[in-house]
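Report on the structure given below.
Quick note: the coordinates plus some simple rules give every number you see, no bench work behind them. If you're wondering where the values come from, they're calculated on a predicted model, not measured in any experiment. Using ideal geometry, Cβ is built from the backbone for each residue, glycine included, and neighbour counts are taken over all protein chains shown.
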């Protein structure tokens, strides 16, 4: 394979190669520019920004904006900083990711290894969950949460994300388990393993790559969600994204751009971390099963 | 009453019946091979014995206990799969003892059983490895170890050798046979390879199209095939089947077969009952190894017929030489000693051992039974 690509690669001279690198470097600088602006402005005193030095490196280095964004900035009516909302997000994301991933794995297991009549139709219907626009479900969902007594709570928000995520996680796990040898399941049945024993002992230990895909996907989506957070959370259960919006949009007093930049980075940090830590498994998991080894 | 009884077992998927009233009784210690081409229903039957597929009608009994509806793990059977189906996340040792663990056997006993089996199969040094680190032959042994450790009533093998390369397959075949001889277990073994079926079995069920075509010892299946399917499926090269006509000569039924130039070879039958077919068309079945040169003819046979025919092609294969000719309008293969002096294009005197020849009814394709 690698042999073939080497043979068929376009042979390039020194000049063209240099040109390609220059263009690539320019592109990457262009893409990194927003990050540079955010990082450098988050460690400047406000005067340097308002003085028109937005693109400059900080003359005075300070972590004050970060500390303020985290613990004392005005969010809505309370000067709490982003900290409580960060924990709100964690309390929403962790259970939602775990539950939706486990349910997706169970669905995938049943849909591929315990086939029943009309299972493909059921799977097709579940796929609709991936394509339904958020806005359509807002009002019915609000009503359901109200009936369940979960309106305005972090648990309610987690439930919404679980429901919305099952379609994706089921899709991932179903496709992954579809190529998982059924003979293994049969061997385990003969060995005397039950439905859940087969799942825990045989299937799940082999599901690493797709579990990583599911976790990254769910984590980034749920963490970054704004609409559900803004619609279903009250002042005490708002996730990070909504709080960030409230921080940036506050219309009284001076606009503290350096604090806003620091807050935005804080809000983006967890997804960045997850992606950096588990990213290489992500592509591997997405490719698994799509190509026959 | 056998040890394992398959009693009028039928399998349908919706309106399609894929197995038709299969009736086999297996004795304790017997090695039954289910053989047939793909899609003949042999694996379905095995899965029904294992309990992995439901029985549509009929009964399967093990030790006189009806197994319909009994969960696979409660049938006291063990199965070796074509892909070995070793759990990839467990070590060899864990693979072998997983079934015992699921049945609640305490760890010291499990370990004891594991070491006994590992010693028997010579895989002690592999116990801590993962299946991914094993070769095909080693995986095969582990899969057998996993089956053996449970000490089941019946072993089920689903084409266990088809993933191995040719040489290893022959070795493992001998090993399975040895294992059966030493342990005296009851085995049902599915294969599409007729040589495996012949070498391993104490009885063979030849299946086609969801029917058991014939059930019998390897010798019965080989020498007295019930019909043309069995005759041509078993044996390599396949039995030669050619159109012939029965004629009475000197009070004895003969087969008249056209040779390459249209002249008739007259081959006397050993079966007198074929006199009833005087003047009628039949299909004549002759195994390749029963057509030889005159020196190579079976000395014990009481009925060697001579026939002159032209050799079309010779294929030396080391131990044998295959000679093909035109007989009854078909390509017919003879299997000769490697030192037989034959050459393509030559008119040659063949010796045909008619004691082993069989005749089939051309309409029903069934063997005409003496």
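Peptide B:71-83: average number of partner chain Cβ atoms within 10 Å per residue?
Counting Cβ atoms of other protein chains within 10 Å of each residue's Cβ and averaging gives 3.
Can you give me the C-alpha center-to-center distance between the range A:80-127 and the range B:24-49, rounded to a whole angstrom?
43 Å
Need one value for B:90-98: mean number of C-beta atoms belonging to other chains within 10 Å of its residues' C-beta atoms. Each step should come with its number before you reach the end.
Numbers: counts 3, 0, 0, 0, 1, 2, 0, 1, 8.
Partner Cβ neighbours, averaged per residue: 2.
Mind telling me which of B:147, B:265, B:344 comes out most flexible in a GNM of chain B, alpha-carbon contacts under 10 Å?
Most flexible of the set in this elastic network: B:344.
Between the range B:238-295 and the range A:148-175, what is the C-alpha centre distance in whole Å?
The two parts, judged by their Cα centres, are 78 Å apart.
What is the distance, in nm, between label points placed 7 Å from the Cα along the Cα-to-Cβ direction at residue A:273 and at residue B:170?
6.3 nm
Roughly what % antiparallel, to the nearest 5, for the DSSP beta bridges in the protein assembly as shown?
DSSP beta bridges in the protein assembly as shown are roughly 75 percent antiparallel.
Taking the Cβ-Cβ separation of residue A:179 and residue A:37 as r and a Förster radius of 41 Å, what is the calculated FRET efficiency to the nearest 0.05?
Using R0 = 41 Å, I get an efficiency of 0.35.
Can you compute the FRET efficiency between residue A:117 and residue B:119 using 1/(1 + (r/R0)^6), with r the Cβ-Cβ distance and R0 = 51 Å? Round to the nearest 0.05.
Once the sixth-power term is evaluated, E becomes 0.60.
Using Cα atoms only, what is the angle between the long axis of helix B:92-102 and the major principal axis of chain B, expressed in degrees (0 to 90) to the nearest 10?
70 degrees
In nm, to one decimal, how far is the modelled label at residue B:18 from the one at residue B:236, with both set 7 Å along Cα→Cβ?
For residue B:18 paired with residue B:236, the spin-label model returns 2.6 nm.
Determine the calculated [θ] at 222 nm for the protein assembly as shown from helices alone, applying -39500 (n - 2.57) to every DSSP H run no shorter than 4 residues and normalising by the residue count; nearest 500 deg cm²/dmol.
-14000 deg cm²/dmol
Rank B:155, B:322, B:233 by mean-square fluctuation in a GNM of chain B with C-alpha springs under 10 angstrom and give only the top-ranked residue.
Greatest mean-square fluctuation among the candidates belongs to B:322.
Which whole-number percentage describes the relative contact order of chain B, with Cα contacts under 8 Å and a sequence gap of 6 or more?
Details: 782 pairs, mean separation 54.0, N = 370.
The normalised contact order for chain B reaches 15 percent.
Can you tell me which of B:133, B:27, B:306 moves the most in a GNM of chain B? Springs connect C-alpha atoms under 10 Å apart.
Its mean-square fluctuation being the largest, the pick is B:133.
List the relative contact order of chain A as a percent without decimals, with contacts defined as Cα pairs under 8 Å and 6+ residues apart.
Normalised by residue count, the contact order of chain A is 27 percent.
Given contacts defined as C-alpha pairs under 8 Å and at least six residues apart, what's the relative contact order of the range A:192-283, whole-number percent?
With pairs under 8 Å counted, the relative contact order is 39 percent.
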